[in-house]
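Accompanying notes for the structure given below.
What follows draws every value from the coordinates through simple rules; no lab data is involved. Keep in mind the model is a prediction, meaning the values are calculated, not measured. Neighbour counts are summed over all protein chains in view; Cβ atoms, including those assigned to glycine, are modelled from backbone coordinates with ideal geometry.
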Amino acid sequence: MRGATHAKWAACAAAVALAATACGGGDSDSGGDGTGVVSSSWGDPQNPLEPANTNEVQGGKVLDMIFRGLKRYNAKTGAAEDMLAEKVESTDSQNFTITIKDGWKFSNGEAVTAQSFVDAWNYGASLKNNQKNAYFYGYIDGYDKTHPEKGTQSADTLSGLKVTGTNTFTVKLNQKFSTFPDTLGYAAYSPLPKAFFDDHAAWLKKPVGNGPYTVDSYTKGSQMSLRKWDGYSGEDKAQNGGVDLKVYTDNNTAYTDLLAGNLDLVDDVPASQLKNVQSDLGDRYINTPAGIIQTLAFPFYDKNWDKAGMEKVRQGLSMAINREQITDTIFQKTRTPASDWTSPVLGEEGGFKEGLCGDACEYNASEAKKLIEEGGGLPGGQIKISYNADTGSHKEWVDAVCNSINNALGNDKACVGNPVGTFADFRDQITSDKMSGPFRAGWQMDYPLIQNFLQPLYYTNASSNDGKWTNADFDKLVDEANAETDQAKAVKLFQQAEEVLRDDMGAIPLWYQNGSAGYSDKVSDVALNQFSVPVYNEITVN
Amino acid sequence: MGRYVIRRLLQMIPVFIGATLLIFLMVNVMGDPIAGLCGDRACDPATAAQLEKEFGLDKPVWQQYLTYMGNVFTGDFGTAFNGQPVTELMSTAFPVTIRLTIVAILFEIVIGIALGVITGLRRGKPVDTGVLLGTLVVISVPVFVTGLVLQLLLGVEWGWIKPSVSSDATFGELIVPGLVLASVSLAYVTRLTRTSIAENKRSDYVRTAIAKGLPRRRVITKHLLRNSLIPVVTFIGTDIGALMGGAIVTERIFNIHGVGFQLYQGILRQNTQTVVGFVTVLVLVFLVANLLVDLLYAVLDPRIRYA
């Protein structure tokens, strides 16, 4: 008998180690007691998993589980709510005093202090650490010393950051930025434990954070097992025992696995399955707005596109696109026709204004033709819409957009798609100003603020102003909005700036993108937040 | 024999250098890989320059190639963009793909040769026609169709297998993917064996063996099969390399994290170090497999001599 018991123990240990399945009599049917493990699809993160180095959704998912920052965005409303922050105070929108709550710990036992934040931000901003999200610290005083545009850095730490007590520090910005506290929910502003700096390689193998989950095991390129951390200090404790993120090369395989009962959650329903997803999953299919907008940008560095009258051509092109039809037939309503340059997830208070684009975003073939002719016609008689052909199903919609334009203009050679082989090559052509016609541009918000949809994209020489559109009035209004301490007034100013963008049609808004996900009947309480990332800690296992 | 092997090994050097150089050039003309690293927004110029320096991308291509090859000879295949050494990627990817290839080759040898012998001996009979038709179907249907159909039927509809392979990728899990991967080659092996057997059946030495009164079983295995296998061995030998490199489609369908997966990711992300590293190893596999095939000839047919 004893022997048998031992054997069972060993078998359990092996099963737990291998597949992390619950073991023993009764345990396997956990019935929502918070110990079940959720398996979810994942993509291989492109960059090393560090808060300031992760700029895509896949790595972001993990950070969202193992880190908690000063603020956290409410999964339903998108509002920035205090998490670790006790209070963030400022009298002039430029100097902030941040107090953090007492008693928070990293999962290795270290306490989270003001120093943890300051060290993490200094690390992220320092040029020699190659952090791809370094520009997030660009508003902090001294950034130009730690991260100069050329040459070597002259300082290792940001002069704008000062630790004033165990739990307090001050931030001095290099310009007024009233909504700065609301940006602090972004993962790049997460605190880092001392272990990160002491043994960086070991930390990367098994990241340690202060969130509701800890990393149990991580096999790069195939799976990460996260487990509920019992010592978690926050209120949003994990409602499940853990999450196994499994890497899939192809989201079709992930979807097939979901149908076969081999996987609990797919957070990216493949385009080819959208037709069947309702009948396959019923109400276990989620299709909710996310903070993503797709636009067509123009190369304003090209004289052909920057001459007088071209704004009419751009408006005409916008009117020639039948957004309604394309989102219905190609995207099966997982996109919503855009009528401004932000996203519905901001809500009306946050700055989303339906119909701000007005007639220019309504399909009107005859008016479109008239406007383009008034503006001097298409440069060279034809436009080529560039897109990367390797990922996403961009070819389908670009062809549809061209079709729509060709039909409106009654000329089947007016618009053609111009596929570029790889994403890297596509980005390379954009950043080296080689585009000769409109090109696909997508924007996924970093934080739910109207500022994030406008400033990085359309402000003169901003980090993601790929088309190099520039307008002094727009810049002035954005500056004013940033200096405005009254939230409502700031939003108004941003919307005025957006109107300037509209009148010049600096970029054609196409559609707002939804997050789509499907889950098995083994789990419930599944929801996506505004970043189209599942709210993992709230999922319960039936 | 020894001399022959040495000569063949020396011949490999220019092939190896030529192949890696070609791959290196091809990956490099695709544009700046750093541009794709930062996602839909541009990398800030300072970080981009820093990264370029770190990966050696700021130097001219010939210099990159020389440094790279120099490092390869010391066993350093460089670092992938996600910070992992390429050798680490290889140590996880190659065992999986080798297991998959073994399963596929076993299918080819066992099923392919067995079917080939059966049909070759019974030319024109219903079995022969049936198998011929079957192989025609397998050859004409693309691998991804076979793969997706089997995955849907066995994995989702009937629930016999899991539609995707876990990260352990055990032999058991790899049976169906292995069969899919082997399917086209398997059909060719069947056809090759069949023709070869049918041809040799009428040859003098077989007639002599039968006339001597040897048992049928011995005639087939020792005389007929041994001589008929030479073209088949050539095919299977070269197929080893093709299967390892060509597993991209199968690996994608069944979510196997092997060489195909790493190559696909490497190409998509334009990661020179990963792509060139994996291709270098694949070239070596091709070359060694070809050498082994040539050496096997002498075992099968003693008349073949090496000078």
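Using alpha carbons only, the radius of gyration of segment B:1-159 set against its Kirkwood radius gives Rg/Rh = 1.13. Segment A:367-419 and segment B:79-104 have Cα centres spaced 43 Å apart. The GNM of chain B, with springs linking C-alpha atoms under 10 angstrom apart, assigns the highest mean-square fluctuation among B:THR195, B:THR74, B:THR92 to B:THR74. The modelled label-to-label distance between A:ASP156 and B:SER140, using points 7 Å beyond Cα along the C-beta direction, is 7.1 nm. Here segment A:88-168 has an Rg and Dmax of 13.9, 41 Å, counting Cα atoms alone.
So if I take the centroid of the Cα atoms in segment B:132-176 and the same for segment B:18-50, what is the distance between those two points in Å? If we compute the Cα centre of each part, the gap is 36 Å. Coupling constants for segment A:267-282 follow from the phi torsions by the Karplus curve (6.51 cos²θ - 1.76 cosθ + 1.60, θ = phi - 60°), and in residue order they are 9, 8, 6, x, 4, 5, 9, 4, 5, 9, 4, 5, 6, 6, 10, x Hz; glycine and proline get x. Gain on full extension, evaluated as 0.36 nm per residue between A:GLU235 and A:ASN74 minus their Cα-Cα distance, stands at 56.6 nm. Rounded to the nearest 500 deg cm²/dmol, what is the calculated helix-only ellipticity per residue at 222 nm for chain A, with -39500 (n - 2.57) per DSSP H run of length n ≥ 4? Only helices count here, giving -9000 deg cm²/dmol. Among B:ARG191, B:ARG123, B:ARG41, the largest mean-square fluctuation in a Gaussian network model of chain B, built with springs joining Cα atoms closer than 10 Å, belongs to B:ARG41. A compact globular protein would have a Cα radius of gyration near 2.2 N^0.38 Å; the ratio found for segment A:243-322 is 1.76. Taking θ as phi - 60° and the Karplus parameters 6.51, -1.76 and 1.60, the scalar couplings of segment A:231-246 work out to x, 4, 8, x, 8, 8, 5, 5, 8, 10, x, x, 9, 9, 8, 10 Hz in sequence order, x denoting glycine and proline.
Kindly identify segment A:188-312 as rounded, prolate or oblate by the Cα gyration tensor criterion: order the square roots of the eigenvalues as a ≥ b ≥ c, call it rounded if a/c is under 1.5, otherwise compare a/b with b/c, prolate if a/b is larger, else oblate. It comes out oblate by the Cα gyration axes. Each Cα pair under 8 Å and six or more residues apart adds its separation to the average, and for segment A:363-438 the resulting relative contact order is 39 percent. Of the three principal axes defined by the Cα atoms of segment A:133-212, the extents in descending order read 37, 32, 24 Å.
In the structure displayed, which of A:LYS87/A:LYS468; A:LYS61/A:LYS150; A:LYS413/A:LYS434; A:LYS413/A:LYS468 lie more than 31 Å apart, Cα to Cα? Beyond 31 Å between Cα atoms: A:LYS87/A:LYS468; A:LYS61/A:LYS150.
How would A:TYR73, A:TYR458 line up from fewest to most surrounding beta-carbon atoms within 10 angstrom?
Least to most surrounded, the residues fall as A:TYR73, A:TYR458.
Which residues does a label at A:THR35 reach in segment A:193-235, if reach means a backbone N under 14 Å from a point 7 Å past the Cα toward the Cβ? Residues A:228 fall inside that zone. Charge tally around B:ILE118: other residues with Cβ under 12 Å, Lys/Arg +1 each, Asp/Glu -1 each, net +3. Globularity index of segment B:66-198 is 1.39 (Cα radius of gyration / 2.2 N^0.38 Å, N = number of residues). The local environment of A:VAL171, defined by Cβ-Cβ distances under 10 Å, has a net charge of +1 under the rule Lys, Arg +1 and Asp, Glu -1.
Taking amide H atoms as placed 1.01 Å from N in the peptide plane, the amide H of A:GLU86 lies under 5 Å from those of A:THR99, A:ILE100, A:LYS101, each 5 or more residues away in sequence or on another chain. Summarising the label geometry, the points placed 7 Å from Cα in the beta-carbon direction at A:ASN461 and A:ALA365 lie 4.6 nm from one another. A simple spin-label model places pseudo-atoms 7 Å from Cα toward Cβ; at A:GLN325 and A:ASP102 they are separated by 6.6 nm. Based on the Kirkwood approach, the hydrodynamic radius assigned to segment A:497-539 is 13.4 Å, with every pair of different Cα atoms included. Dividing the convex hull volume of the alpha carbon atoms of segment A:296-413 by its residue count gives 127 Å³ per residue. Scanning chain B for DSSP H helices at least 15 Å long along the axis (C-alpha atoms) with a Kyte-Doolittle mean no lower than 0.5 picks out B:2-28, B:86-107, B:126-140, B:175-201, B:226-245, B:272-300. Taking amide H positions as modeled 1.01 Å from N, with prolines and chain starts lacking one, no residue 5 or more places away or on another chain lies under 5 Å from A:ALA75.
Kirkwood hydrodynamic radius (Cα pairs, Å) of segment B:147-187?
10.6
GNM on chain B, alpha-carbon springs under 10 angstrom: the most fluctuating residue among B:PRO45, B:PRO85, B:PRO14 is B:PRO45. Per residue, the convex hull spanned by the Cα atoms of segment B:121-273 amounts to 156 cubic angstrom. Neighbour counts of other Cβ atoms within 10 Å put B:ARG3, B:ARG226, B:ARG194, A:ARG227 in the fewest-to-most order B:ARG3, B:ARG226, A:ARG227, B:ARG194. When A:SER272, A:SER404, B:SER228, B:SER203 are arranged by Cβ crowding within 10 Å, least crowded first, meaning fewest neighbours, the order is A:SER272, B:SER203, A:SER404, B:SER228. Over chain B, the hull volume per residue, using the convex hull of the C-alpha atoms, is 163 Å³. The stretch between A:ASP280 and A:GLU354 holds 23.3 nm of extra length on full extension. This uses 0.36 nm per residue minus the Cα-Cα distance. Based on DSSP H segments of at least four residues, each scored -39500 (n - 2.57), chain B has a per-residue ellipticity at 222 nm of -22000 deg cm²/dmol.
Counting 0.36 nm for each residue step from B:ARG8 to B:ILE109 and taking away their Cα separation leaves a gain of 33.7 nm. In this structure, the amide hydrogen of A:ASN418, modeled 1.01 Å from its nitrogen in the peptide plane, lies closer than 5 angstrom to those of A:ILE385, A:SER386, A:TYR387, counting only residues at least 5 positions away or on a different chain.
So if we plug the beta-carbon distance of A:THR91 and A:LYS492 into 1/(1 + (r/R0)^6) with R0 = 22 Å, what FRET efficiency do we get, rounded to 0.05? Calculated transfer efficiency: 0.50. Over chain A, the pair-distance histogram of Cα-Cα distances with 10 Å bins from zero comes to 4, 17, 26, 25, 18, 7, 2, 1, 0, 0 percent, rounded to whole numbers. So what is log10(I(q)/I(0)) for segment A:392-481 at q = 0.13, 0.14, 0.21 1/Å, when the Debye sum runs over its Cα atoms only? Cα-only, vacuum Debye calculation for segment A:392-481: -0.60, -0.68, -1.08.
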